[in-house]
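See structure below.
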Amino acid sequence: MGGTWQPLGVWWLLTAIPIAQVQASHPECSIILRFQEQEAECLEIIRSENQSNESPEPSRWKGCRTDWDGFSCWSAVSIGQSRAVTCPKIFQVFKKSQALISRNCTESGWSDQSPSYHKACELNGSSKDAEAKEAYFATVKVLYTCGYSASLAALLLAVGIFSCFRKLHCTRNSIHIHFFASFILRGAAVFIKDAVLFADQAIDHCTMSTVNCKVAIAFFQYSVLANFYWLLVEGMYLQTLLLLTFTSDKRYFWWYTLIGWGVPLLTVSLWIFARLQYDNHGCWDDYASLYWWVIKAPILFAIFVNFLIFLNVIRMLVQKIRSPDIGKNYKQQYMRLAKSTLLLIPLFGVHYVVFALFPEHVGVEARLYFELVLGSYQGFLVAFLYCFLNGEVQAEIQRNWGKWQSSMESNVFNLMTQDFTA
């Protein structure tokens, strides 16, 4: 019984830690793409007004026509009127400012901006702010690169251990192997995405639109979804063990596999179809698109189903602890599991749910730190808890190590005997 319950307690440690979605794009990409859309819309209005003016019966309206000054679109007004706009969001990447900028329509045309963008939007320190942001993102990239490298090494070793020892072959460990594989895919997807999007520093990755970058982003989204759904499978398996003491694990394994790999594949396929048909611009790494919900909705579903599983398992544990039919030793095991659950879920799980509910642009720097830096070490932690600290794994390694030592000593003794006889 102890060997069965140990990995269940480990699962709680894992699920309490936020497996948050890694940002697929630079956080300001959506602002840049929206800025380009506004420019295109404004230029289209200007083109329509010019065509109207060149028609056989031009408009008699006199005033200042729509104008794009490189940052803002100034709608047409009559002579003597004025327009006011706020600082463009493209400038708010460096510093938030809601100052108003105005222009008057005179007989000679639009006046200059008053005050200028430079003064109104407080761009004096923009270069320093830009350098600070660049340094921050560079540091984050170094940290998560180290984290994913360590996680990949630990996960590959853990998969090798579970695969090599026959006594470790069971449904529970098979689910763990698939879960490890989803972490391996996620780490590999991050490296592939970085290699494709940032290979050429001269190319703006926000406006890149190549087949390679779209494939890299699609693979990244699939690996993240698979990671969430294999976590959900781990929770479902734990609940199954608690509900059904005597059951055939193999009967459910193919359903687990279908959920863990099949649901993400179906979701990403629908998302790719939607982007190709209705929103095929950029590298598909912006989160302002409505079709992003094709990915986000299943992730939120997995998060909250797992949360319900948490609550249900806690309820079952409390019932088992209070049951008079449970022996003292089993009751102590349930108590330890309940304590670790109740301590770790509030500590780590609350902000995970909060981040899931907030929009992508809220708390970007904090989100990046939790999702990229801390998230990159989750694979290492998973391998450490599920494999390296697993009592069954340690016992099997010690047993095989003892066999290997005995075999080596026997071989050495035989060689020495042969030499002595000769």
If you check GLU54, GLU37, GLU49, GLU28, which single one turns out to be within 30 Å of ALA226 (Cα to Cα), at pLDDT 55 or above and of a type in the set (D, E, K, R)? GLU28
Out of (1) closer than 24 Å to SER151 by Cα; (2) modelled with pLDDT under 80; (3) part of a helix (DSSP H, G or I), the odd one out for ALA199 is which? (3)
Among the residues that make up the stretch 238-259, is at least one of them touching a residue at least 24 places away in the same chain (Cβ under 8 Å), closer than 21 Å to ARG186 by Cβ and not hydroxyl-bearing (Ser, Thr, Tyr)? yes
Give me the pairs: first residue in the stretch 378-396 and surrounded by fewer than 17 Cβ atoms within 10 Å (Cβ to Cβ), second residue part of a helix (DSSP H, G or I) and modelled with pLDDT under 80, beta-carbon distance under 7 Å, and six or more apart or on different chains, which are they? GLY391/GLY3; GLY391/GLN6
Answer yes or no: is there a residue in the stretch 127-146 that is crowded, with 17+ Cβ neighbours inside 10 Å, part of a helix (DSSP H, G or I) and either at pLDDT 90 or above or hydroxyl-bearing (Ser, Thr, Tyr) (or both). yes
Would it be correct to say that ARG186 is among the basic types (Lys, Arg), closer than 22 Å to VAL305 by Cα, within 24 Å of the chain's Cα centre (by Cα) and at pLDDT 80 or above? yes
How many residues of the stretch 65-83 are under 14 Å from GLN113 (Cα atoms) and surrounded by 17 or more Cβ atoms within 10 Å (Cβ to Cβ)? The answer is 6
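The values are calculated or read from the model by the stated rules, or taken from the named source; none is laboratory data. The model shown is predicted, which means the values in this text are computed figures rather than measured ones. Don't worry about glycine lacking a Cβ; one is built from the backbone with ideal geometry, like all the others, and counts go over all protein chains shown.
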